[in-house]
Structures are given as C-alpha cells and as structure tokens.
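The values are calculated or read from the model by the stated rules, or taken from the named source; none is laboratory data. These numbers were taken from a predicted model, which means no experiment stands behind them. Glycine also receives a Cβ, built like all others from the backbone with ideal geometry; neighbour counts cover every protein chain displayed. For the accessible areas, the whole protein counts, side chains as well, though only heavy atoms, and no ligand, DNA or RNA atoms are used. Shrake-Rupley method; radii C 1.70, N 1.55, O 1.52, S 1.80 Å.
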Amino acid sequence: VSLQVALAVLSLLLCFGSSCCDDSFTSDTIINNVVQDPQTGRIYLGAINHIYQLNYDLQKESSAVTGPRQDNPQCTPPITAQCTDAKDMDNINKLLLVNSANGTLIVCGSLFRGICSLVNLNSVDKSVYYSDIKGEKTYVASTEESVTVVGVISYFIDASTNANLSVFLVGKGYGSSDSSKLISTRLLQEHGEMDIFENMVEASTVQASPFVQRYLHDFRLAFKDDRYIYFLFSRTPGTSDSRKITFIARLCEKDPHYYSYTELQLNCSVSTEQQKSTYNKVQAAYLAKPGEVLAGKIIPSNPNDKVLFAVFSADEDGGHSALCMYPLSSINARCCVSSTLFHVVWCFVTLLKVVCLFAQQKEMLKDYKCGADFLPSPLASKPEYALAVNPILTRNDMLTAVAVAVENEHTVAFLGTSGADVLKVSPIPGSDGGVNKNLFFNSTLDILYITTGRKVLPVQACEEKYDCQSCVSQRDPYCGWCVLEGRCTRKKDCRKAELENTWLWSPNQTCVTIQSFNPPNISCKKTERTQVLKHNTYTNTHTLCIACVTSKWGCQWNSQDHTCSDRDDSDGMCPQFEISKPLFIPVGFKTPIEFQGKNLDKYLVRCMHYFFWYIVFLLLVLYNCSVRREDCSLCKNTDQKYKCVWCDTTKSCIYKDLCSQELEDCPPPKITDIVPRYGPMKGKISVTIKGSNLGIKQEDIKRITVAKVPCTHQPERYSVSTRYSMTAILDEWKTGLSNVLFTYRDPVPTAVSPSKGPAAGGTVITITGKYLDTASIDDISITVDKVPCKVGENIWLCVFSGGRKIIVMGSGFDQVQRATMRVLPSSDEFSHKSSNVEVRVMFVIIIFGPFYVIAECSFKKKSLIHCFSLMQGKGLSKAMTAKEAQAFVGDVSCTVTFLEDDKLFLVAPSSPPKSTSRRQRRDTSSEIVFGKGEWKVGSVRFERKYEVPLYIIIPAVLIPMVLFIVVSIYCYRRKSQQAEREYEKIKNQLANLEESVRDRCKKEFTDLMIEMEDHTSDMNEARIPFLDYKNYTNRVFFLPSKDGANDVMITGKLDIPENRRAIVDQALNQFSNLLNSKTFLINFIRTLEGRQDFNARNKVYFASLLTVALHGKLEYYTDIMRTLLLELMEEYVHSKNPKLMLRRSETVVERMLCNWMSICLYQFLKDSAGEPLYKLFKAIKHQVEKGPVDAKMKKAKYTLNDTGLLGDDVEYTVLTLQVLVHGEGPDVTPVKVLNCDSISQVKEKIIEQVYRNLPYSQRPTVDSVALEWRPGSTGQILSDLDLTSQKEGRWKRINTLAHYNVRDGATLVLSRVLHTQQSFDQNQDNHEERNALLEDDKVFHLVRPADELDEVKSKRGSMKDKGTTKAITEIYLTRLLSMKGTLQQFVDDFFRSVLSSGTVVPPAVKYFFDFLDEQAQKHDNVDDETIHIWKTNSLPLRFWVNILKNPHFIFDVHVTEVVDASLSVIAQTFMDACTKTEHKLTRESPSNKLLYAKEISTYKKMVDDYYKGIRQMVPVSDQDMNTHLAEVSRSHTDTLNTQVALHQLYQYASKYYDGIISSLEDDPAAQSKQLTLRLQQIAAALENKVTDL
C-alpha cells in the first residue's frame, strides 16, 4: 500500500486540552539537554553551568557545577597564564548520553574546545574521567552556542585485535574553533595507545573541509535501529541559496570506515490550488513503533517496523510548521531505486556527480551491504530521489518537539511549541521559554516529561476530570469514563473495562445518561422490577416520628417499639402539637401555657420519657425587657408584641403589667462623647455623637449643629438612642447639649522620615508634627507623588536581651526600615534551653547558649589571672571574643588578652580596688561582662608587700632630677650660642648667594629679551607655526594612543579590498545614521562601559573616534555629552565623592568633554592664547640651549626641573659657526653653538636656524643631513661616534666640537645624505664601523651616571680632567631660581592670556560653566568648593594643562625631553593655582613646588577672578551655542577621517556585538525603531556575512 493511501486513513491522534501536574523541577539556568536512564528511570539534565540528577518524581538527587570557568576558544587547554585573553565563560551543555553498560554519563560542554567527561550515573557529582591535556584528538563538542551536537552509544570491532570496544558516535555542525569532523566515532575506554574520547575513524566523507563548511549542518537526532545508525540534520544546498533542506544519513553500525555512509533528502510539503507550502527544516524527531491501527494502514507487510515522526518548519518563515512521518522501511527502501529508462538499479550521489551501478552489479551490492573500499562511496541524494510525504498536521506557530506513544492500539503524538504549549496540555504556567526538543516518556509510557527553558514537568490528566462530560470533552485517547466506578481513568485502571460500554473512550464522545425510573422509588427490603438498574440504592433510618412518616420513601412509624419501618397496612400515626405561633413569656411574670394536639392518647400510657421525646418541637420564647434597653428610647423602640414600657418609678424598661406608672415621653437626649473631638477648619469629616435617649428612629433627629454650624446627618450610621453622626434636636423643645468640646484645628506636619525608600514601595513613612490626631483615621488620606499610601500605626517590638554587637556589611541598608534578626539555638553540645527570638530577619545569627562560668582566681601583683572553669564553663569563645568581653576586679576594668573555649586570661590591676567605688558590688569580686549579661566568677586575693618609707623615697627621686636639670640647662645654652654663630654665617652666605642670583637673573633676562625680540621679528615674518585643524585634532585625540603617529586615524589608511570598498562605504554611512540615533548611541556606550575589558585606554580612544564620527553634528554630540554628564553627576553626587567628578578620564563622557573643549577652543588658541604659549615655549628652548645639555642623560644646566638639572660644572665656550648649505647658494648663516655640544645637537641648532621660516615637519631630520668641517684643503665628516671617539675605561664619550677642535668662526657645510648605491655601500661600511664602536654599550656625553663611575680614570685631556670628586647636587639648585626669574615674564603673560575674563572668553567655556552652576543648584550637597573643582577639572586641568605640556599638539614644533621637563613644572604650577587646597611647604617639599611658592597665591586669585567674571557674563543660549557648533562642523568636518573613525567604531560594535544586541532588545524604544535589525544589516555588510535578514 502506498504511503499516500496510508495517509488518507491515518488514525494518528493529536491530543488537546488537559492540564499538567504540580510536580516539576526548575533549573537555575537554561536547560540544554535531557536524557533518561532506561534501567533506573533517573532523569539527567544538562543545563548551562550545571548537571542535575533527578529521580522518577523529578526530585533532585545530585548535581554538579560545570562553569563558569576561565577560557578562550582560541587557547588550547589546559588554560594557563599564557592565555592572556582568558575570561569567565559559561559552560553550555552540548551532549548528554547514558552509558548503562559501565554506569557512566557522558557530559560534553562548550568549554575547553568541547572536551567531554564521564560522571557516575548514581551520583553526577562524582567524576569518573576527565582530562584536558590530551590535545585536539579528544575535542568532541563545539565551543559555539549555535552549533548542535547529537550522539548515540554503539560498539566498534577492532580488526587487528578483534576487540569489542565501547564507543559513541557524534554528529555536530561546524564551528570556527572546533575540530573538522562532522561525524566521528569516539572511544569510551583506553585502547592501546589511544585515549578516551579519541576519534577512531578517519573518513573524508564526514570531514568539515572548507568546501563543506558553507553547508551549515544542523543536527537534530541520532539513533540506531536494526544494525544501522541514523543521523537527522538539515543543511543548505551549498550554493548561494540559504534555505535549509533536511537529510537523514545512514551507515552500518559495524562499518569501521564509513563506506556505507548515505544521505537521503526528506521532503515535507503540501500543495493546494492557491500555493505550495514547503516545510524543509527539521526541528525535532521521534522514532517509535506505531499502534496496530496505524501499522495496519500504512505498513501491512511489516507491522513491527518503526516510524520516524518529525516536526518541520518553513525555513523562510518561523511562524509555520508541520508534522510529517516517515516509515523506516521506506527510508531504507530508497537505497534501491528502479528506473527502466536508464536501467539504473542502485544509485549513489556524490557532491559532484551521480555514480550509478547497473543491473549486472546487483549481486555485488547484496554481498556488500555496508560498502567496501573498492565500491564508490555514496554521500548525498539528488532532489529527485527525495522521500516526499504530505504533512499530517500544519500549524501557524513553531513546533519544536515531538513524542509518540501507543494507547489502546492507537498512536498518540504529543507536540511542543515555541510558545511553551504542548498539544495535549494547556500552556505551561511559569515557563520561561518554548518547549525544547527534549520531550520524552518514562519507561512505562505513563508520564510525558516536558522540558521548557528551565523546567521539567510531567504531564498526566485523566484523574483531574470528575464527571463523564468533562472526561470525554477533552478527546484524550489516554482517557475514558469508567461507568461502574464513576471516574475518569485510563483503560487499564478501570475494573471490567473489557466489557462493552463499561469504559467509554474519550474520543468517541459518549456518556451514560438515565432518563427515567419506574417506579420512582422502592424500599430496599422489597424486590420489584425496574426499567433502569440503580447501582447505589438509597436507605435511611429515621429516629423521629414526623421525619419518618413524611419521608419520600413511603415509611411508617411503629408506635409499639418506636421505630421507623417499611409501610404496611397498619396505621402508624404520630403525636403532634398544633401550635401555629410560638408562645412569648416575659421573665418575672407568671404566664399560663395552653396548647392543642392530636394522636396524644396512644402514647399517654407509655413512660414519660417517650412522651417528651415527641413534644420536643414545642416552641416557647422567654424574654427580658430590661436586657440591652438601658434608656427610654431603646425601650420604646422594642417590638409591640413584647409589651415593654419605660417605667417612671423604676426608671427602667420592664414588662407592661409589672409597671405601675408608665412614662409617656422620653427625657431630653444626653451626650456623653464625641468622636473625634478635633476636626479641620474646613470640616467635611464624619463626627459620631454618643449618649442616651438619642431618638427612637432616625426621623426623630431634626437638626444637628456644632458651634451653631449645621451638620449633615448620616442616617446609615445612626444607632437607635445611642449614636448618631453629629448637637441634635429631637423635637423643637428637646435639645441635647454636649459637655464634651469639639475643637476646630488644622494638622501641621513638620517632618517626614525616612526621606527615601526603595522604588518597589512598602516603606513605612512617619510624619511628625502638631495636631496630627485631628479627625479620624478614615478621614485621612496621604499621597506620595500622587500615589495613595495606607495610613496606619507602627508597632515596634523591642527585644531586650543579648547585647552582642553584630555588624552586617552590604549596600542599600539606608533604605531598610526594619532590620530584623532571627536568633536560633546552637546545634552543638549545649543542651540549655534557648528561646527563638524573631525580630523579622534578613540574616541568621546563631547564639551558642547561655554563659555560665564559676571559678576561683588568685594572683599576685602584675600577674595574669588564670580562670579555670569548674562547672558549665564551656563555649566562652563561641559566645564572645576577647575584644567583646569585659572583666572587672572590683571596680577596675581588666584587659582580656586571650580567650579560649574553657578559659580566659586577663591583666590584673596593679593595686587592689577601692572599697568606695561606685561599683559597690565589685569591691573584691571578679566579674565577666558580655553584652547585657554579667557573671560573678569569684573573689580575688591581693598579697601585701613591704612599703619603703617616704623620707627615703623623696631624696632618692629629687636629687637625680635636680642634677639632670642643671646639666640640661648648661648643654642647651652652649648649643644655642653655637647655633647663633652658625645662623649668622649661613645668613651671610645666603645674602651673597641671593645677590649673585639676582645679578645672574638680571643678566640672563636682558640677554633673553634681546634674543626674544629677534624671535618676535622672525615670528612676524614667518608667523607662528599653527597646525591646521585636522592635524590639531589628530594629535590631541589620537597621538597619545598606543600606536602613536602610526595610528590609523592619523595615517588615514584602511586595508579594505577595492572590490568591497563601495559596499563598506555604504554600510559605514548606514552605521553613521545609526549613531545619530540617541537611543542606539546611549545603549552602545552603556554596554561598552559595562564590560570589564573595556579599560580606560579603550574609553579614551572610543570617545575620540566618536568625536570625529559625529563632528558633522556637533550639536547632537553636545546633547549626548550633556545626557551622559547628567547621569555621571547623579552617580557622583549620590553614591561617590562629588569632588572627584571629571578628575580623570575614567568614563567615555569625560573624554568626550575633553575633546569638546579642544574643538571649541581651537580658534581661541589661534587668536589669543597661542602667541604667549609659543613665546613661552621658545623662551624655554632658547634658555635651555644656552647652557650645556647632556645628550645621553637628558639633563641641562638651565632648567626648571630639579630632576633634569645637570649636577656638575661643565666648562664650555660659545662658538659662532658659519654654515653653508650645500646646493642652496653661497649664502652663509651664522649659528651660535657650544663647543660641548654633541654633533647631533649642533645639527639640530643649525637646522633650527637655517630653516627657521619652515615648520618642523617640513625641515630635514638630523639623520638625513651630514655635517662637514673644512679646516683646510680637506674636509672631515663630523659624527657622534667614530674611531676617534675618546675612551675612559669601558666608557666612550660622544664626540663634541671640542673633540674635533672646531674653533669660533669655523665654516661648516650642511649637506643632504643621498641614498645612492655608492652612498648606501658607504653607509653600510659606516654602519658596520658604528656597530664595532658600540660593541660596549656604555656611552656618555658630558657626565657619567653617578652609579656607573669607573675606577679607571681617563688619561687623555677632557673638559674636566681633574673631576675626580662629584660635587653636591644641591649647590646647583640656584640655577633653578635663575631660570625661573628669566622666564617669569613669559609665564605671567601666558597665565594672563588664559585666565583673563576681561577679554574674549570662548562661548563654550561660558556655556559649560553655566551648565555646571545650574546642575549644582539642584543638589544640596554640592558647595562652592565642589563647583570650583568641577570647573577646574573640566577646563584648566583637562585642556590647558594638556596643551601646556604638549605644545606640539597646536604648533608644528619638536619638544625635546629637556624642554618638556621645564614645561611640566609650569603645568604643575598651573594645576596648583587652580586648586582650593592650601599647600603647606616644608623643607622636605619638592624643589619644583618651592620654586613658584610665592607666585601661587597670585595665580590662585587670577583663577578665582576668572571664574567670577565668567559667572557675571551674559549667558550663552542653547541656540547661540548650536549656531557656533554648526559653524565649526561646517568649516572642518570635510577635512577629518570620518569614514576611518566609523570603521574603527564598528570594530568595538563587532567586539561587543552580543551585548549591544541584548541591550537593544531590552529597550522598548530601540525595538520600536528596529535598531537591532539595522545593526544586523550593517554587520552583514561590513563583515561580508550571509545572514537570514
């Protein structure tokens, strides 16, 4: 019978509509795999970072933690310190397999390149085998989460040893860091030289070669049946088509070489008139034997064959899915295809061609069913040979799991969906994900286990239906209605279910119904035929006569033996009282009772107790008028039938016939209380008036007034006579006036505590103030930000016990109102009774029992008390520590030095305690105090010692003391006189030194001013060498990066293939648009800053890239910066020290601010501050070069930095050289140099002077020119080192002009080095010569390092032949003063240009300072000092100090290390001037601080005046600022490397792609703008990936 016919009569049942049981198991993390041991029924869960072992009832028996661990997919296990990129990674379970044969569970995870382990089946926390040192041959699973792994247990016959080995076959997709095997056979035992988990088979057909990697295999199931092993998977066709196609691969279990490996395509589709629906991607599958009904329809030839049930999805649309089934015999039969056209009997399809074996080879194929090495290896089938079926079921959601069972000879399928539904059950409550592929039964097929994201739940539903209609309405083939037992059961649980109509199957939709009875009732003692048999008959025994004769069962009363029995012909009548109404009898008044009855005569002759048995229903009502009727109104309100009156004589309510004088009208109302007694001035509250005689009914209340103000009566709250809501007039003449005063006043709240609480609410707020008891609690309403609060009273429970101080560390405790503690008794050896005190805890503290110590202690003076416990002295160290315990002897406190469990040591007092102490009870006893407990230990005995007489003690002490004082005075006077002489001597020296420094400064300053006038004229001619905007921003933003000048942002070179450049440019433009989304950019920055590996250097670089990328919209950039600054400000103000904000570039926004300032102040630098800064730089450079500079040690005679001061007297002479530039005419340029300058220093000074009109970047470098001296007819090339270099022991001195004996006025030729072949060879020779010279690396210029002095002194002449003794460095510190005095005018000019608010202030400074002032006013804890620090951190320290220390950021100049050292001192002075802190200077203070100590106060005032002046300026509006920023964007954006910046920014997006995607998916605003999709599209284009977008 064909498969199509079988589908037409398929009786497969899909089950809907039942509920799940309460038993379930919830994992801490997402469940990846679930397996069950068929022998024990245990269930094993493989989850992220965990393995769980559950019993049959889903109760956890054991668990093991598998992650996270330090790992990196690119590192080879084991992970060591050499793997620098290792980080904590989750372990995703990839494979679980039960190997019952040896009692182990195979566990494979994603960590350590997919290494597996073996654990014990009985306890998964016990490892059986694990090794990470075997190398790549043992890597089984995949490191990537998206790659699926399946496996099946099998065996392997070793051909050489004929050994039967335990193995498992694994099928997995391809991962970038995985092994290259799609299917592999892995050992489960050691065999010869092969290790556990090592691959046994090397077959090219299953290698994931580069050609196969593009197929994207997705394995879903592995199983074995009848000597074959099957793998079910989907993959792409391998072409540009990305759709998935499902295949099933088969190979023989005993095939050791995979010769029999065959793939067959499986199609699941349905065609209609409108369209053809194809479900081509398999999601899950289940192999099962069908029920007899299904097996007889589709497989009549082999009823024992199995069927593969699989759920598919449409690859292009995840919202459509279907269920298809494939008989395993049909799959196997597809290996043999008949075609009369081509005479093809057997076909094998490879990736390249179809190889067909013709009819004559048929017998050979039968003999080699598992293939052979001489037969072609089959691999993949063509679509025309695919096994195609129509789906049994299609749905518009995603089917993700399938399980099949047989019940009552019918095949039942259970389908799981991505919406956490199972098509036999209702949606699973509390599930957090769709049903995954792990859908399975227990061993008896009684329970179906459903696995969702983190839960495993068993499903069974029959017993939850309690009537036939609900039982059959669910159409559950498992269930039916058991007629004889009246319950919903499975068939096997119903007694006599095999009989017809005793068990009604649910899908048949039938129930038993009873339409009528005839007769309607019958006695159980009689036998009579009825039309319907009633199984549960009704019987009853009546004990009362009336109940007996009136029952519907036709019973009668036997008056002889007083029993109820079946009706017969005798007359059974009951005695009855015929009283229609109850009788009312007042208390205290004799009332005769009369009644009538019937059938009483038949029972009067019996005993009296029988008679009273029958008259029990006589109803009498006794009442008392005075009960609960204390006043006249209540009395008159009584029902008339009781005849109660208010008696004037007794002043009480009594029965009418007992009163001699009835009071007609009640007295006036009496008011006893008013609730509440206080009300608000505006009224509108309910007031209750209590009293007596307040009316009989609510209509009696005519008028209510309070302080002559009419009130509204509330009838619903009226209580007769006793209460109404507000003075009352009953009649015009009956008025009740209250003696209780009602006061009008308004509540005055003054304070609220606490001031903050958790966002989740629940905080108890206490409002304090005056008159808060005004009105009642029902009249009070309190709201917090329009949210109503519940008004109540606080009841605090104080427990006065213990006393031990317990400190709990944590955060957020200031929002906790009720910190509670649970005190529990210890579980150790103490058996004393201990109470549980609950004070509403968040933590548990264990008290170890009561403290009982009884001891006798005796000691001598200054000895240790050693208290030995005599009884119940245990647990001392458990209840307290030595610091917490207090010990007293009398009233003297003793220090506890050591505490053990049964003894403690303490220091005794030096003298006996006084008996007059305030602690009278501690005079001679010793006590231990801990917390609030005190224990008396025992008495203390002090021994008396012999006392020395006082007349001996006094002289013995006084005489030495007087002698000591006399000697001290003599020594002091002598030292004072000596110190005065020394002071006068030093004073004279300082005066001479000051005069010398003054003269030197005056001379140096005069020379410098003359030189600077020449430089100023040069500047007027050549102008200041300002950098253009692009180079300025590149240097400010990117020069400090780790790559420096080679950074891609400075070079502007991207390595992009030419054929992809257009695509990349387009994608980068899209990425630029994405960055212009504020939602995306904020999420982008927050995600990056949340990563630990995104360090401070990365933040600075990222912010600079962002500045360039957004330069075209600086107003948008400013908005982003403001938003992030507000968040940063909130963080620092509330949780950190506000003064530390903007101090360092620890966040992206802090660097963004620095870049923003750099952009906005560029024009100000060019127009105002640039010139004084350049003059300062040139002045420092000129002054430094006037004196000797050690080229090797980078120290100079003239400097501001004491660490860079040349601590030696170097003799030198100023030379004026006549320099002729080769090839540039006969003009000679005079250049001033020093004869102690190295040749390189001379070259620098010559280049500086000759090319002074060119910026530094356009000048030749020192290495590119040669210097030749022509003293006569021949010339000599001058160089730093050559064969003539002077040697001093192991040291070589760098050549100077003095070494070559160059005289003043000498002519030197400067020529360019030409890199011809000849010169190259010469340079090679020179290079070799230079290497020979530098074999010993110890080279010096002017002085050698102090720690490298050589004992061998130079024998040749030098600048300092006799310098055998090093001078003291400090004597040269006066040079710092000289340098400082010379440069003072230039420093002051620069400071004035920067800190002057009288001139033009950049609008960005005013705008940002106003922003800081505005935000500071919103926070109470931000004072003026904090605002000052914020402004200092944002402008002077963040921008000006950076420019001052790096003039090459704004000028095209070269800053040497010596000049940089002096600039650093000025920059530090600038920083000190901007701080509010007063620096206390001492002799130990650094010389750099002391140098400008006198000027700091002046500079501080300049800073304060600058800040005040800016605050008083006209504010800069947002519109003006945006206009200014737009102009900057328009002028300079085109010159920047924007595309390069975007490309570099995307590298960060790519690196943290998953985190950014997750952040966008959690943001509703991002979802609405489809930002995730846009980023995915950009990623696909930039990374050249094919995605499902």
Accessible heavy-atom area order of Leu1283, Leu221, highest first, probe of 1.4 Å: Leu1283, Leu221
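Quick check on my link table: of Lys805/Lys1136; Lys1245/Lys1292; Lys126/Lys172; Lys254/Lys306; Lys1030/Lys1243; Lys137/Lys1099, which ones sit more than 32 Å apart, alpha carbon to alpha carbon?
Those over the limit are Lys137/Lys1099.
Which order do Phe742, Phe898, Phe888 take when ranked by solvent-accessible area (1.4 Å probe, heavy atoms of all protein chains), largest first? Please report the intermediate quantities before stating the final value.
Numbers: Phe742 40, Phe898 95, Phe888 20 Å².
Correct descending sequence by accessible area is Phe898, Phe742, Phe888.
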Accessible-area value, Thr76, 1.4 Å probe, nucleic acids and ligands omitted, Å²: 90 Å²
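At 0.36 nm per residue, and after removing the present C-alpha to C-alpha distance, how many nm does the segment from Glu716 to Ile157 gain when stretched out fully?
Details: separation 559, 0.36 × 559 = 201.24 nm, distance 9.51 nm.
That works out to 191.7 nm of additional length.
Taking a 1.4 Å probe, which of Asp785, Asp1388 shows the most accessible area, and what order do the others take after it?
In descending accessible area the options line up as Asp785, Asp1388.
Which GluC sites (Glu not before Pro) from the range 87-179 combine a DSSP loop assignment with at most 12 other Cβ atoms within 10 Å?
Values: sites: Glu136, Glu144, Glu145; in loops: Glu144, Glu145.
Hits after loop and neighbour filter: nothing returned.
Leaving out ligands and nucleic acids, note down the accessible area per residue over the range 1050-1178 with a 1.4 angstrom probe, in whole Å². Mind dumping the intermediate values first?
Details: 5220 Å² over 129 residues.
Averaged over the residues of the range 1050-1178, the accessible area is 40 Å².
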Sites matching GluC sites (Glu not before Pro) across the range 230-279 that sit in DSSP coil, with at most 11 neighbouring C-beta atoms within 10 Å: Glu273
Solvent accessible area, Å² - Asp1518, 1.4 Å probe, full protein context: 90 Å²
Residue-span extension gain [Ala101 to Ala386] - 0.36 nm each, minus C-alpha spacing: 98.9 nm
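Could you give the length gained on full extension between Thr510 and Arg243, defined as 0.36 nm per residue of separation minus the Cα-Cα distance, in nm?
Values: separation 267, 0.36 × 267 = 96.12 nm, distance 4.75 nm.
Value of the extension gain: 91.4 nm.
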Residues Leu772 and Asn1137, FRET efficiency given R0 of 35 Å [Cβ-Cβ distance, rounded to 0.05]: 0.35
Calculated FRET efficiency for the pair Gln989/Lys1494, C-beta based, R₀ 22 Å, to 0.05: 0.55
Alpha carbon centroid spacing (whole Å) that separates the range 1487-1562 from the range 1155-1210: 25 Å
Note, ³J(HN,Hα) from phi for the range 897-903, Karplus 6.51, -1.76, 1.60, rounded to Hz, x at Gly and Pro: 9, 8, 9, 10, 5, 10, 7
Label-to-label distance, nm, for residues given as Lys1551 and Ile807 (7 Å Cα→Cβ offset): 4.0 nm
Residue-level accessible surface for Arg1574, protein heavy atoms, 1.4 Å, Å²: 80 Å²
Cα-projected label distance for Arg1312 with Ala547, points at 7 Å along beta-carbon direction, nm: 13.0 nm
Approximate spin-label separation Lys651-Ile965, in nm, with each point projected 7 Å along Cα-to-Cβ: 9.6 nm
